[in-house]
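The values are calculated or read from the model by the stated rules, or taken from the named source; none is laboratory data. Because the structure is a prediction, the values reported are computed rather than measured. With ideal geometry, Cβ positions are generated from the backbone for all residues, glycine too; neighbour counts draw on all protein chains shown.
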Amino acid sequence: MIGSDRGSSIRAGAAAAALALLAGPSSALAKPKPAAGSPSAAKPDESTRSKAITEPVLDAVAAEMERSLNGLRIEGATPPYFLGYKLTEVEVNDAVASMGGITSQKERHFVNLEAHVHVGSYQFDNSNFVAAGRDDLDGRSEQSLPLEPNPASVRRAAWLATDEAYKEAIEQFQAKQEVLKSGAAGGLSKVPSYSKYKPTAMNEQILVPKLETVEEMKQRAEKISAVLRKTASVRDSRVAFTSYLERRWLLNSEGNAVHDTRRVSGVMIVASAQADDGQELTLTYSRYGLTAADLPEDKELAAEAGKLAEQLDALRKAPLVDSYTGPVLFEGDGAVAVVRNTLAPHLSGTPLPVGVGGRDAVRFGGQLSDRLGLRVVTPILTLIDDPTTATVDKTSVIGSYRADDEGVAGQRVEVIKDGKLATLLMSRTPSKQIDQSNGHARLAMPGGVFRGSATNLLVGVKGGLEQKALVRRLIKEAHTQGLKYGIVVRLMDDPAITANSELTRFERLQLLQSADDEAPPLALLAFRVYPDGREELVRGVQLKPVGVRAWRDVIAGSRKRTVRNFLASVDDPLLVQVGGAGPGFVPSGGVESSVATPDLLFRELDIVPSALGRRMAPAVPAP
Amino acid sequence: MFSAASALSLAGCPKGGAQGGAAGARPLPPAVPARLEVDALAPMAGNDPSAKSKLIDIMASENARWFKVLKAAQPAPAHFIGYQVHERRSVTMDAVDGVLLADEDDTQRALDVEVRVGSEQIDSRHPLRDPRLAAFTSLARLGSVPFGEDEKAIRHHLWLETDRRYREGLLLLNMVLTERQVSVRDEEKKSADFTSSKPQLFFQKKATLEYDRGVWIKRVRDCSKRAARGVATRSNCRADFELNTIYYVNSEGSQIQTSWTNARFLVQVGVKHDDGMPLSRVEQAFAPTPAELPDDAKIDQLITVVNRDLDALHKAPLADPFVGPAILEGRAAAVFFHEVFGHRIEGHRQELEVEGQTFTKQIGNDIMPTWLSVYDDPTIRRLNGLPLNGYYRFDDEGVTAQRTSLVDNGILKGFLMGRNPIPGFEHSNGHGRKEPGNISVARQGNLVVETQRSVTKDELFQQLLAEIKRQKKPYGFIFTDIAGGFTNTTRVSFQGFKVNPTMTYRVYPDGRREVVRGVDISGTPLSALGSIISAARPVETFNGICGAESGWVPVSASAPSLLLSNLELDRSFNPTDRGPELPPPSIARAHGGVQ
């Protein structure tokens, strides 16, 4: 699948974890702690109880699982030792408007079953391996399920999916054995393929607040998007609202049976303009929360839309940045983006599947996997990932869950303490250093495993400064390095949201071929800050790759933190763009995540000017 | 409006004996034309200028604003700008095994802007020779335009999309010109890249889609439960309704607003054979409105047919490759003509270098028996009382739908044309079609095969038996249904066709019939058409949706049953899947009667 529209694909949500809003009778699976009086304590609604997945339906899957574990064999081939099932029921409403008029509205409801088969043994199985030219082999298979309960249909789907997944697993296992035995890809290792996990049962259905209706979202989208029609220089714009819930039931042959429901609402504003020299410029604004009550109200959103249009207008006349090496201060959304894009992927301890390379390997990160106990970032930083909390700094966070994608209870993990790497985020796929999951299986990887991934990532800084003092520190550092100014970054691109680029297919393919895979996304809002404190907006700010090493040179942070929710794309954003997003594109797919971080000052980063998207002015002026 | 509910004029005798293949020595079928009751509607019938939407005016004025500038633009002018807004509400209710699988109701408004850059003689849509470059020409994507009639918002989006398309057009034209500079020996293309057309003004009130959701959900649910019979392990019933409104303007001055509904009901059953072959049977009914779809009694007939056929297929032996006489019954003959003949008669295929150009040089030649004629007429609403799926008033390039004679008394007369002319056929005949987001090419609408000579179905069967004996074959074949197929029209590989019959009967000289499976009909078009030796009334119709490079478009094909002296059967692709290792689960056994 290409595209991150949860409403359009059977694959949607395959990579993401669950969000629990209510307690259930389970000791191992604690509920995330909601903040008293927080808006997202919106009442769970009885109407959100699943009508498709009922006890007899789950019993039917369990019965088929048992029958398959005991009886599913092919003579001469390795039998299954682990079977897992994920039943997912998704409901999505969304609405998109442009210039005050609706361009797209959707209501989606679908139910899937995914079977997951491991053959061999925990010590050596088929998983975490991508066979050359056979990346479809991952020991998984999916089937659509009806919207109404029908145990017979569902059992039949489980039967067919298990059979198909088993056959894939056998082929994958055989290929993995051959490749590793031959010494290719590092040879056989003593690290087990999969870790054991003590089963838990938690089947009581979790209800959530009901979705906002398409009608409500339409009205809001129309109203907010109308603000953007007032600015003549806005070329293209859209305002999208989304509201979805995803119910999931995870069963496996070890006896684990857990249920979880997540619920997210979001708003995004995207607008583009053309600079005087023809460069295409885009700005975005997005907020996600558990329900619409967590989103800003219309008045505030309208103000944000107005501000965005003003900034865009200013950006048109802003000079292109010059090449720069020196201190960079990331503020607010900019700080969230630098954490999300350049540090978070490296907190995973899951070994990359054998056979994953190129762009994917870069995207999945994991550069800290052999650094346990060592200082990996500046000693002033501490990083905690906590799926068990429902709020951070009084803001509802969407990266919370009761059980991860492998049905393992989410755990609060202190990953980096005072700059030293304490542990990593793990799924059930062990590494040389860490043999157990800590409940962070979220992002689906090629080769049929989940990657330990960040959820609610909390960045703490020692000796945080006031914002003005931090800017002074930037100026001082720039001066020390003999520079006339320092750079502040306040917003970076989220390609999953700005997917409607005006690049032609020709240009996108070229970009795919020549883009620097390791460079972070373009900085959309960046300023030069001069010694007198004066700020000058610049455009085309492209950071060169920010390696993990750069994090050792974070020299200061702010006292105040910014908390942002976002959907981490499960797909390669550039590939999504090459595929082209439709006009009604609303990114409601991806891993629900949040980052809470202070503003961060890096001693020295490299910036190059980007002239991407430069083109002739329209032959006819806008009407 | 006129309603020509009369038999088509079939006056005149054949100009000679039947042509082609092994037909010469056999007696001709009697001069009894197969009945064709045609209910056609002139495209301009029902024109109601008062129904014109404000959207049309907004589109026309923005189009004119751009064209005024672009027609003189440098470095390259545009010679044509077309705007199409296609508003489509799609309703789907889908049930499987008695429960609902999908219940969707979506409305989209897609904007397609076409800016042709260059001149009519050579423009941005000139075919590129290098297939790698040609891949980049698919820059088309759905544009977006808000619902409603807000002038500022709509005009802005029209402007935005026109700017993008002009830019893309410049890019394409540069590719075309560069390719000509470096790689084309001399200009082989004899015609222009584009033909202009007379402006049309037509306005129709927006149609309404009326149905009772509750009733239809119950119908699909009940239907899928009733269809779960016999060997079927999956039974599926589905209702699809559409409300389409198209707003079209172009720089030639056309303004067209058409609106219509259509409806489809589908029954499908399937089972995986023990040998791994997936078996399925589909029956579908099309109608202009949900109310005109089959009632429950007729749906039961469809269910009976698919179940009966699936049970028979499940018991059927695999057939061996074969060459010999065969009957294509009406619907199978219709699909056969659509695939084998129709796709090769699409105008743009006559000049693209990679195309096989099977019929390009055949104009004026006999290509099938003289008692057969073929035409495509999108203006036919009903044929012999049955609604036709390929009905439309104007094509997607703003050209009036026209009846186009393709074969007249066995002689090739013409091609289906969009706005891409070819030598000898310099104008569109209203067959430029596309799905939103694609570039129009010539496509079929309602393909009709008419015969001036025919026998009854029983007589045709007897003729088959006679032919089997005459050729000393152990058996012949009858095909009652063809699911579709593919036809390779390009010359880079074997230019054959392969169609997939769903119901195949082996017929023995003593008249015994036996269902078999696992064969495809294959061959080359000219020899297949040349081997038609007889036809039987009545004409039957296949309604469906056809996919090609310009997307999916609704079509129909109608034909009498045909006897061919030589049809070639290949073994079909038979997946070597083992089939599931475990037998199907039984809920009752495993779960104490939970059902």
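May I ask you to verify whether B:Leu139 is touching a Ser or Thr at 6+ places or on another chain (Cβ under 8 Å), within 9 Å of chain A (Cβ to nearest Cβ), modelled with pLDDT under 95 and over 30 Å from B:Lys218 (Cβ atoms)? Yes.
For B:Gln108, the test of being out of contact with any Phe, Trp or Tyr (no Cβ under 7 Å at 6 or more places or on another chain), loosely packed, with under 15 Cβ neighbours inside 10 Å, within 28 Å of B:Pro199 (Cα to Cα) and facing chain A (nearest Cβ under 10 Å) is failed.
Taking the criterion of being over 13 Å from the mean Cα position of the chain (by Cα), among the hydrophobic types (A, V, I, L, M, F, W, C) and assigned to a loop (DSSP other than H, G, I, E, B), the only residue of segment A:428-454 that qualifies is A:Ile434. When A:Val328, A:Val376 are checked against the criterion of being within 23 Å of A:Lys560 (Cα to Cα) and modelled with pLDDT of 95 or more, A:Val328 stands alone in meeting it.
For segment B:160-201, the set of residues classified as assigned to a loop (DSSP other than H, G, I, E, B), farther than 16 Å from B:Glu114 by Cα and either hydroxyl-bearing (Ser, Thr, Tyr) or within 14 Å of chain A (Cβ to nearest Cβ) (or both) consists of B:Ser191 only.
Scanning segment A:417-439 for residues that are touching a residue at least 60 places away in the same chain (Cβ under 8 Å) and buried (at least 24 other Cβ atoms within 10 Å of the Cβ) turns up A:Leu424, A:Leu425, A:Met426, A:Ser427, A:Arg428, A:Thr429, A:Ser437.
Search segment B:142-159 for residues being of a type in the set (A, V, I, L, M, F, W, C) and crowded, with 24+ Cβ neighbours inside 10 Å, and hand back the single one that is nearest to the other protein chains (Cβ to nearest Cβ). Selected residue: B:Ala153.
Among residues of segment A:176-202 that are aliphatic (A, V, I, L, M), those with a Cβ under 7 angstrom from a residue that is at pLDDT 90 or above and not in a helix (DSSP H, G or I), sequence gap 6+ or separate chain, pair up as A:Val191/A:Pro430; A:Val191/A:Ser431; A:Val191/A:Lys432; A:Ala201/A:Ala257; A:Met202/A:Val258; A:Met202/A:His259. Among the residues of segment B:448-459, are any under 21 Å from B:Pro501 (Cβ atoms), touching a Ser or Thr at 6+ places or on another chain (Cβ under 9 Å), part of a helix (DSSP H, G or I) and of a type outside the set (Val, Ile, Thr)? Within segment B:448-459 (the criterion being under 21 Å from B:Pro501 (Cβ atoms), touching a Ser or Thr at 6+ places or on another chain (Cβ under 9 Å), part of a helix (DSSP H, G or I) and of a type outside the set (Val, Ile, Thr)), the answer is yes, since at least one residue qualifies.
Every residue in segment A:73-84 that is within 14 Å of chain B (Cβ to nearest Cβ) and crowded, with 22+ Cβ neighbours inside 10 Å, please. Steps first, answer last, please.
Step one: list which residues in segment A:73-84 are within 14 Å of chain B (Cβ to nearest Cβ), which gives A:73-80, A:83.
Selection gives A:Pro80, A:Leu83.
Checked against the criteria, A:Asn500 does not count as at pLDDT 95 or above, among the polar types (S, T, N, Q), in contact with an Asp or Glu (Cβ under 9 Å, 6 or more places away or on another chain) and surrounded by 15 or more Cβ atoms within 10 Å (Cβ to Cβ).
For segment A:140-156, a residue qualifies if it is of a type in the set (Gly, Ala, Ser), out of contact with any Pro (no Cβ under 9 Å at 6 or more places or on another chain) and either without any contact (Cβ under 8 Å) to a residue 60 or more places away in the chain or more than 7 Å from chain B (Cβ to nearest Cβ) (or both), and exactly one does: A:Ser141.
Applying the condition of being over 15 Å from B:Glu252 (Cβ atoms) and among the aromatic types (Phe, Trp, Tyr) to segment B:389-419 and asking which residue is farthest from the chain's Cα centre (by Cα) yields B:Phe415.
Just to be sure before I move on: is A:Asp571 away from chain B (no Cβ under 14 Å), over 21 Å from A:Lys468 (Cβ atoms) and either assigned to a loop (DSSP other than H, G, I, E, B) or of a type in the set (Lys, Arg) (or both) in the structure I sent?
On the way: away from chain B (no Cβ under 14 Å): yes; over 21 Å from A:Lys468 (Cβ atoms): yes; either assigned to a loop (DSSP other than H, G, I, E, B) or of a type in the set (Lys, Arg) (or both): yes.
The answer is yes for A:Asp571.
The residues in segment B:114-136 that are buried (at least 18 other Cβ atoms within 10 Å of the Cβ), at pLDDT 95 or above and not charged (D, E, K, R) can be counted, and the count is 3. If you go through segment B:227-257 and keep only what is surrounded by fewer than 18 Cβ atoms within 10 Å (Cβ to Cβ) and either more than 21 Å from B:Gln204 (Cα to Cα) or of a type in the set (Phe, Trp, Tyr) (or both), you end up with B:Arg229, B:Gly230, B:Val231, B:Thr233.
Condition check ((1) in a helix (DSSP H, G or I); (2) polar (S, T, N, Q); (3) modelled with pLDDT under 95; (4) surrounded by 22 or more Cβ atoms within 10 Å (Cβ to Cβ)) across all residues:
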position	(1), (2), (3), (4)
A:Ala305	yes, no, no, yes
A:Leu312	yes, no, no, yes
A:Arg340	yes, no, no, yes
A:Pro345	yes, no, yes, no
A:Ser369	no, yes, yes, no
A:Leu372	no, no, no, no
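Only residues that are away from every other protein chain (no Cβ under 13 Å) and either within 15 Å of B:Glu151 (Cα to Cα) or under 30 Å from the mean Cα position of the chain (by Cα) (or both) were counted in segment B:55-83, giving 6.
Just name the residue that is nearest to A:Gly120 (Cα to Cα) out of those in segment A:164-177 that are in contact with a strand residue (DSSP E or B) (Cβ under 8 Å, 6 or more places away or on another chain) and facing chain B (nearest Cβ under 10 Å). For segment A:164-177, the residue satisfying everything is A:Tyr166. Taken over segment B:227-277, the residue count meeting the criterion of being modelled with pLDDT under 95, hydroxyl-bearing (Ser, Thr, Tyr) and in a strand (DSSP E or B) is 1.
A search for C-beta distances below 7 Å between a residue of segment B:216-240 that is within 12 Å of chain A (Cβ to nearest Cβ) and any residue that is of a type outside the set (Ser, Thr, Tyr) and surrounded by fewer than 17 Cβ atoms within 10 Å (Cβ to Cβ), counting only pairs 6+ apart in sequence or on different chains, returns B:Thr233/B:Pro584.
Tell me, which residue of segment A:472-528 that is of a type in the set (Gly, Ala, Ser) and closer than 21 Å to A:Val546 by Cα is nearest to the other protein chains (Cβ to nearest Cβ)?
So in segment A:472-528, the residues of a type in the set (Gly, Ala, Ser) come out as A:478, A:482, A:486, A:496, A:499, A:501, A:514-515, A:519, A:523, A:526.
When the remaining residues are screened for being closer than 21 Å to A:Val546 by Cα, the result is A:478, A:486, A:496, A:514-515, A:519, A:523, A:526.
Working: A:Ala478: 40, A:Gly486: 37, A:Ala496: 18, A:Ser514: 16, A:Ala515: 18, A:Ala519: 25, A:Ala523: 26, A:Ala526: 27 Å.
Within segment A:472-528, the match that is nearest to the other protein chains (Cβ to nearest Cβ) is A:Ser514.
Taken as a whole, the condition of being under 22 Å from A:Glu114 (Cβ atoms) and of a type in the set (Val, Ile, Thr) does not apply to A:Val214. Could you check B:Thr92 against (1) among the polar types (S, T, N, Q); (2) modelled with pLDDT of 95 or more; (3) crowded, with 24+ Cβ neighbours inside 10 Å and say which number it fails? All conditions are met except number (3). Scanning segment B:147-206 for residues that are touching a residue at least 24 places away in the same chain (Cβ under 8 Å), touching a Lys or Arg at 6+ places or on another chain (Cβ under 8 Å) and aliphatic (A, V, I, L, M) yields B:Leu172, B:Val184.
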